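What follows is a single structure, written as structure tokens, with notes after it.
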Amino acid sequence: MLDFSIDPEFQARLDWAAAFVREEVEPLDLLFPHGGDPYDTHNEKARAILRPLQEQVWAQGLWACHLGPELDGPGFGQVKLALLNEILGRSYWAPTVFGTAAPDTGNAEILAMFGTEEQKARYLRPLLDGEIVSTFSMTEPQAGADPQEFVCRAWREGEEWVIDGEKWFSSNARYAAFLIVMAVTDPDAPPHARMSMFIVPAETPGIEIKRNVGTMDERESLDEGIHAYLRYHRVRVPLDAMLGGPGEGFEVAQARLGGGRVHHAMRTVGKCTRAFDMMCERALSRRTQGTLLAEKQAVQQFIADSWVELQQFRLLVLHTAWIIDTQPHGAARTQIAMCKVQTAKVLHDIVQRAVHLHGSLGTTGELPLAKWWMAAPNLALADGPTEVHRTTIAKQLLRNYRPAEGLFPSEHIPPKLEAARKRYAHIVTDDNLSGRVNA
């Protein structure tokens, strides 16, 4: 049975989180608004505000809620995490305040699953404690996220691995204490067994940030970009820098990307809810041509369509979380892909309507809407392009079907009618049916 109910104790924590994010965390979005600000561990003013807030989250037992008890997390499960992430999605800083910021969450998970005890001690513990940030360095400039086209190589020389090649869009590399790098170690192996994963300390010689690329809402003229274009110049790491085994890089990557996709969706519910709230407030506050916007049918349709889409998406996310919580690992693959497909679309559509209702003000930096709207294309590409996940959904669903037997579809009426006649021949005769069939 589907059950999204929450016990009163956790609901009280959610209520606390909602008020805390609104009153204490959202102001950080205004004071430190640039994309890299939550990850810049050297910004003393931001950290002076951040640390006391994180301590309050610790005291509430809500720190790093994506982690299980084996990693000192609360082990709430994905449904509770979804409800919390809805609240965190309202604020760009909130995931950092609550210890759930990407890509550190995914990197922590694969360190926990595949790392050695030495790797966990050196990298995982300070990452979980929020003392450092990290980078996931996978995509490449000529290949995007397609691992079959990767050319960044790693080979063994004596007691070291040597990494050479370029990586693209390695988020937060300029702030990271370490990078997790996927590189081709066996180019002759099958596509998904060609690569291995390595932990590379940021201070390792040979790492070059060619440039920090700015996205739509980041000004390169002010060096606001946080997505690094990297060159690894024969970077040397010890043999024990490998995360997992040789050829397991794709497996390691997939272990982190599924959770990241659904967590993006969870937070998007919160951002869309905030945009919807703004839309409704505007409709009741602004007049044009003698009446409130809320009295215009087009505006009413905006509001109705947005709410329907938001609730459908929210239920999809919660259902996906419920499957992850209650069924074997991998059972939610199709549902996670469905969340990924809808995340950017729902954000785009709802925020675009909110922008439109706010008129010229909605397009300015004096409201958060324009910045949110510009995030939609990035969400459509993050953790794999939407089109790839549509293909995944279709392939998974088609496995449940078989071709029709014979020339016509299985729903072809003539043979089904003949079968129905035979089944009920003792009651229904051809004379009874002739009038209805002819009609």
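The values are calculated or read from the model by the stated rules, or taken from the named source; none is laboratory data. As the structure is a prediction and not an experimental result, all values here were calculated from the model. Positions of Cβ are generated from backbone atoms using ideal geometry, with glycine treated the same way; all protein chains shown enter the neighbour counts. Side chains are part of the model used for accessible areas, which takes the heavy atoms of the whole protein and leaves out ligands, DNA and RNA. Shrake-Rupley method; radii C 1.70, N 1.55, O 1.52, S 1.80 Å.
With labels modelled as points extended 7 Å from the Cα through the Cβ direction, what inter-label distance (nm, one decimal) is found for Glu118 paired with Leu292?
Each label point lies 7 Å from its Cα, and together they span 6.7 nm.
Given axes a ≥ b ≥ c from the Cα gyration tensor, I'd like to know whether region 97-240 is rounded (a/c under 1.5), prolate (a/b larger than b/c) or oblate.
It is oblate, given that a/c is not under 1.5 and a/b is not larger than b/c.
Can you find, among Gly99, Leu14, Leu67, the residue farthest towards the positive end of the dipole of the chain? Put +1 on the C-beta of Lys and Arg, -1 on that of Asp and Glu.
Toward the positive end, the furthest listed residue is Leu14.
Going 7 Å from the Cα of Trp58 along its beta-carbon direction, which residues of region 99-125 have the amide nitrogen within less than 15 Å of the resulting point?
Those under the cut-off are 99-100, 125.
Return one whole number: the accessible area per residue of region 9-113 in Å², for a 1.4 Å probe.
Counting only protein heavy atoms, the per-residue value for region 9-113 is 40 Å².
Sort 397-410, 288-301 for me by packing, meaning the mean count of neighbouring Cβ atoms within 10 Å per residue, highest on top. Please report the intermediate quantities before stating the final value.
Values: 397-410: 8.4, 288-301: 12.4.
Averaged packing, sorted descending, gives the order 288-301, 397-410.
Of the listed peptides 93-105, 188-200, what is their order by residue-averaged count of other C-beta atoms within 10 Å, with the highest listed first?
Going by the mean number of other Cβ atoms within 10 Å, highest first, we get 93-105, 188-200.
Evaluate the distance, in nm, between pseudo-label points positioned 7 Å from the Cα of Glu157 and of Arg421 along their respective Cα→Cβ axes.
Calculated label separation equals 8.2 nm.
Which value, in Å² rounded to 10, gives the accessible area of Asp305 with a 1.4 Å probe and all protein chains present?
Counting only protein heavy atoms, Asp305 exposes about 80 Å² to solvent.
Pick out, from Ala183, Gln342, Asn172, the residue whose Cα sits farthest towards the positive end of the charge dipole of the chain, with +1 on the Cβ of Lys and Arg and -1 on the Cβ of Asp and Glu.
Comparing the listed Cα positions along the dipole, Gln342 ranks first.
Given labels modelled 7 Å from the Cα in the Cβ direction, how far is it in nm from Gln142 to Leu2?
About 4.7 nm, to one decimal.
With n ≥ 4 as the cut-off for DSSP H runs, can you work out [θ] at 222 nm for the chain, using -39500 (n - 2.57) per run divided by the number of residues, rounded to the nearest 500? Don't skip to the answer; put the middle values down first.
Numbers: 15 runs with 207 residues, N = 439.
Using -39500 (n - 2.57) per qualifying helix, the result is -15000 deg cm²/dmol.
Using only the Cα atoms of the chain, build the gyration tensor, take square roots of its eigenvalues as a ≥ b ≥ c, and label the shape rounded, prolate or oblate: rounded if a/c is under 1.5, else prolate if a/b is larger than b/c, else oblate.
Verdict is oblate for the chain.
Take the Cβ-Cβ distance between Ala304 and Thr215 as r, set R0 to 25 Å, and report the resulting FRET efficiency rounded to the nearest 0.05. All intermediate terms of the calculation are to be shown ahead of the outcome.
Values: r = 32 Å, r/R0 = 1.28.
That pair, Ala304 with Thr215, gives E of 0.20.
Once you've got the Cα coordinates, tell me which of Lys395/Lys422; Lys45/Lys271; Lys296/Lys395; Lys395/Lys416; Lys296/Lys345 are over 32 Å apart.
Long pairs (Cα-Cα over 32 Å): Lys395/Lys422; Lys296/Lys395.
Return the inverse of the average 1/r over all pairs of distinct C-alpha atoms in region 107-181, which is the Kirkwood hydrodynamic radius, in Å to one decimal.
After inverting the mean inverse Cα-Cα distance, the result is 13.7 Å.
Would you mind putting 115-121, 331-337 in packing order, based on average other-beta-carbon counts within 10 Å, highest first?
Working: 115-121: 13.4, 331-337: 19.9.
Final packing ranking: 331-337, 115-121.
Based on the Cβ-Cβ distance of Glu23 and Ala404, what FRET efficiency does E = 1/(1 + (r/R0)^6) give at R0 = 56 Å, to the nearest 0.05?
0.40
Taking the Cβ-Cβ separation of His412 and Gln312 as r and a Förster radius of 30 Å, what is the calculated FRET efficiency to the nearest 0.05?
That gives a FRET efficiency of 0.35.
Using Cα atoms only, what is the angle between the long axis of helix 78-88 and the major principal axis of the chain, expressed in degrees (0 to 90) to the nearest 10?
Taking the Cα atoms of the chain, the angle to 78-88 is about 70 degrees.
What Kirkwood radius, in Å to one decimal, follows from the Cα pairs of region 314-439?
19.6 Å
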